[in-house]
Structures are given as structure tokens and as C-alpha cells.
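A.B. asks: First, the structure itself, so that you have it in front of you.
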Amino acid sequence: MKKRIFLSVVLLFSIFSLKAQYQEEIDSGRPGNAISVFSVGKNVFQLETGMDYLEEHNSFKLNSILRYGISERIDLIAGMLYDFSNKKEKIEMISFGGKANIFEGDGILPSTGFQLTFNLSNSINQIDYSSILFIMGYSFNENLSYTFNFGANIDLKSSVLVEEVKEIKGVRNGVKEERGVFVEGVYAFNLSYKLTDKISVFVEPYGSIDKYTTPKIKINFNSGISYLINKDLKIDLLSGKGINVNNDWGVSGGISWRIGEKRG
């Protein structure tokens, strides 16, 4: 079954190896949670990294993503989450996968794409899971645009998670419920505005949907700013807060760097 899924994913990504427009300015998934719809370009590397501070755990974490364009429409992705506050499990999670730009927007139609990643945890507080995201992006004009992500996190070890759910999440009025395979819906909507050629600001509600938790729909909110140093280098700063999950907040500052000129 897993082999069939893997082969299907490879086939899907191979379909979208056609030409797409190269972005003259760096197009990054930072700042914010929403992932950009466009690829970096063939033979181009792009590093997106930042330091996150989370009040809830009083922790500092380095969140890094490396993207490489194997075609104009397809990126390979590798990522790492490094926890400076954890004395034993420094590398909290590693991830790998790919992203494909399916359609480049035309008129009122948004650009679309999808991303598939596998996330492997090194922490007893997290699980291994795969993430499937559908991505949409649209520019209303030269300054105002949005990016919308929706999809699901799916547990890679469902038999293990079922037991955890029974003990932690599956209790309702004293009755334990069978959950089966874990599927958690996720979403992010990023609305961005260019104040100048160099400076952009954004607001972003994001969260998850899970019928086994309270509340079922979790809502968080980010806002921030980015500064374009040159066409290949951008820095950013954001702050975020839980709306109906908790009152904790977090901040993040980072950099996005496109390495290598487009070739071929």
C-alpha cells in the first residue's frame, strides 16, 4: 500500500515538470505559516530559516527549510526543527518532501499547487506524520495578494497514536472512543500588502481542525513585516498569538536566501 502511494506521488510530481514563470524576486514561505504557491526555479537553491520564541514552553527553536528546484514547477524540500531549550533532544524534527506548481494564475483564476512532506520526530512529545497541502495564490493588484493553504496532517504510526488518543484525546464524558487513523485538518490564510518596493506587511489566521479536541477548530493569528534587501535576499519579523487555544504568544525573525542563478 505504502509503495503504491509513493509511486503515485512520484507520478503526480513528474506530470508538472513543464515550464513555469521564474520569479524575478525571491518568493518565500516566510514569514508566516502559509506556504507560497510558486517553485524556486530549475537548479536554484533557497534557504528559509528563522529563530522562533514560544512563550508556552519558554523555548527557542531554529526552524529551517532548504528547497531545490529540479524543474521550473517542482521543488525538493528538506527541513529541520532544532530546539535550543531541550538539553537531550536538540533535533526535534526533520522533514523531507516536495512541492509542485500545478497552474499559474490567469485572470481571475488563482495560481495553484500542492505540497507533500514527511515529518519524522525525535521528541517524545510529538509524532511522525505526513502533511498534504493544497496551495492557492492570487494577486489582486501589484501590492495586494493572498496565499491560502488547506490540507491534512496524517499520522504515520496510526496504531501507536490510537492508544495515545484513547488516553489523552479520546475521552468524552468518561467514554473512550476508537479513533483509527489520525487525520488533522490544517489551514492558513495569508493576506499580504506591499508598502514599498522593499517592505511588505501581512496578517494571517491559521490553525487546525480536529473533532477529537476542544475546541474542534483551533484559531491562531500572525502578523509581521518583511524587507527585501535584494532580489535574492529577504529578512522578516513576525509575532503571533493563540485566539481560542491559549493566550500564549510567540515571535519569529528570519531570513530567506535564494542561491544560484536560474539555468536551463
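The values are calculated or read from the model by the stated rules, or taken from the named source; none is laboratory data. Because the structure is a prediction, the values reported are computed rather than measured. Cβ atoms come from the backbone with ideal geometry, glycine included; neighbour counts cover every protein chain shown. All accessible areas refer to the heavy atoms of the entire protein, side chains included, with ligands and DNA or RNA removed. Shrake-Rupley method; radii C 1.70, N 1.55, O 1.52, S 1.80 Å.
A.B. asks: Does SER145 qualify as being surrounded by 14 or more Cβ atoms within 10 Å (Cβ to Cβ) and outside any strand (DSSP E or B)?
C.D. replies: Numbers: surrounded by 14 or more Cβ atoms within 10 Å (Cβ to Cβ): yes; outside any strand (DSSP E or B): no.
No: the conditions fail for SER145.
A.B. asks: Moving on to the next point. Hey, could you check the range 19-57 for residues that are of a type in the set (Phe, Trp, Tyr) and under 18 Å from GLN115 (Cβ atoms) and say which is modelled with the lowest pLDDT? Walk me through how you get there before you give the answer.
C.D. replies: If we filter the range 19-57 for residues that are of a type in the set (Phe, Trp, Tyr), which is where we start, we get 22, 38, 45, 53.
Applying the additional criterion that residues be under 18 Å from GLN115 (Cβ atoms) yields 38, 45.
Values: PHE38: 92, PHE45: 96.
Residue satisfying both the conditions and the ranking: PHE38.
A.B. asks: Being out of contact with any strand residue (DSSP E or B) (no Cβ under 6 Å at 6 or more places or on another chain), under 28 Å from ILE243 (Cα atoms) and of a type outside the set (Val, Ile, Thr) narrows it down to one residue among ASN43, ASN86; which is it?
C.D. replies: On the way: ASN43 fails: under 28 Å from ILE243 (Cα atoms).
Unique residue meeting the criteria: ASN86.
A.B. asks: Only residues that are part of a strand (DSSP E or B), open to solvent by 30 Å² or more (accessible area, probe 1.4 Å) and modelled with pLDDT of 95 or more: list them for the range 193-218, please. If you could, list the steps in order and put the result at the bottom.
C.D. replies: Taking the range 193-218 as the starting set, the residues that turn out to be part of a strand (DSSP E or B) are 193-194, 199-209, 217-218.
With open to solvent by 30 Å² or more (accessible area, probe 1.4 Å) added as a condition, the list becomes 193-194, 199, 201, 203, 205-206, 209, 217-218.
Of everything in the range 193-218, those that are part of a strand (DSSP E or B), open to solvent by 30 Å² or more (accessible area, probe 1.4 Å) and modelled with pLDDT of 95 or more turn out to be TYR193, LYS194, ILE199, VAL201, VAL203, PRO205, TYR206.
A.B. asks: Condition test on PHE60, is it closer than 26 Å to SER200 by Cβ, open to solvent by 80 Å² or more (accessible area, probe 1.4 Å), at pLDDT 90 or above and touching a strand residue (DSSP E or B) at 6+ places or on another chain (Cβ under 6 Å)? It would help to see each step written out before you state the result.
C.D. replies: On the way: closer than 26 Å to SER200 by Cβ: yes; open to solvent by 80 Å² or more (accessible area, probe 1.4 Å): yes; at pLDDT 90 or above: yes; touching a strand residue (DSSP E or B) at 6+ places or on another chain (Cβ under 6 Å): yes.
Yes: the conditions hold for PHE60.
A.B. asks: Still on this structure: Go through the range 70-110 and count every residue that is more than 27 Å from PHE140 (Cβ to Cβ), assigned to a strand (DSSP E or B) and out of contact with any helix residue (DSSP H, G or I) (no Cβ under 6 Å at 6 or more places or on another chain).
C.D. replies: The qualifying residues number 15.
A.B. asks: Right, another one. Looking only at the range 159-174, decide whether some residue is buried (at least 18 other Cβ atoms within 10 Å of the Cβ), under 28 Å from LEU237 (Cβ atoms) and either out of contact with any Asp or Glu (no Cβ under 6 Å at 6 or more places or on another chain) or modelled with pLDDT under 65 (or both).
C.D. replies: There is no residue in the range 159-174 that is buried (at least 18 other Cβ atoms within 10 Å of the Cβ), under 28 Å from LEU237 (Cβ atoms) and either out of contact with any Asp or Glu (no Cβ under 6 Å at 6 or more places or on another chain) or modelled with pLDDT under 65 (or both).
A.B. asks: State yes or no: is GLY50 buried (at least 18 other Cβ atoms within 10 Å of the Cβ) and touching a residue at least 60 places away in the same chain (Cβ under 8 Å)?
C.D. replies: Working: buried (at least 18 other Cβ atoms within 10 Å of the Cβ): yes; touching a residue at least 60 places away in the same chain (Cβ under 8 Å): yes.
For GLY50, the condition - buried (at least 18 other Cβ atoms within 10 Å of the Cβ) and touching a residue at least 60 places away in the same chain (Cβ under 8 Å) - is met.
A.B. asks: Checking PHE118 against (1) assigned to a strand (DSSP E or B); (2) of a type outside the set (A, V, I, L, M); (3) out of contact with any Phe, Trp or Tyr (no Cβ under 8 Å at 6 or more places or on another chain); (4) open to solvent by 60 Å² or more (accessible area, probe 1.4 Å): exactly one of these is not met. Which one?
C.D. replies: It is condition (3) that PHE118 fails.
A.B. asks: Next up: Determine if the range 124-142 includes at least one residue that is touching a residue at least 24 places away in the same chain (Cβ under 8 Å), open to solvent by less than 20 Å² (accessible area, probe 1.4 Å), of a type in the set (Gly, Ala, Ser) and under 26 Å from GLY260 (Cβ atoms).
C.D. replies: yes
A.B. asks: Any residue in the range 230-259 that is within 30 Å of GLY69 (Cα to Cα) sitting within a Cβ distance under 9 Å of a residue that is surrounded by 19 or more Cβ atoms within 10 Å (Cβ to Cβ) and of a type in the set (Phe, Trp, Tyr)? List the pairs, counting only those 6 or more apart or interchain.
C.D. replies: LEU238/PHE202
A.B. asks: Just to check your reading of the model, which residue among ILE77, ILE70, ILE15 is β-branched (Val, Ile, Thr) and at pLDDT below 90?
C.D. replies: ILE15
A.B. asks: Among what's in the range 236-263 and is of a type outside the set (Phe, Trp, Tyr) and open to solvent by 70 Å² or more (accessible area, probe 1.4 Å), pick the residue that is nearest to ASN143 (Cα to Cα).
C.D. replies: Residues of the range 236-263 that are of a type outside the set (Phe, Trp, Tyr), as a first pass: 236-248, 250-256, 258-263.
When the remaining residues are screened for being open to solvent by 70 Å² or more (accessible area, probe 1.4 Å), the result is 237, 241, 243, 247, 261-263.
Numbers: LEU237: 19, LYS241: 26, ILE243: 28, ASN247: 32, GLU261: 26, LYS262: 25, ARG263: 29 Å.
Restricting to residues being of a type outside the set (Phe, Trp, Tyr) and open to solvent by 70 Å² or more (accessible area, probe 1.4 Å), the top hit is LEU237.
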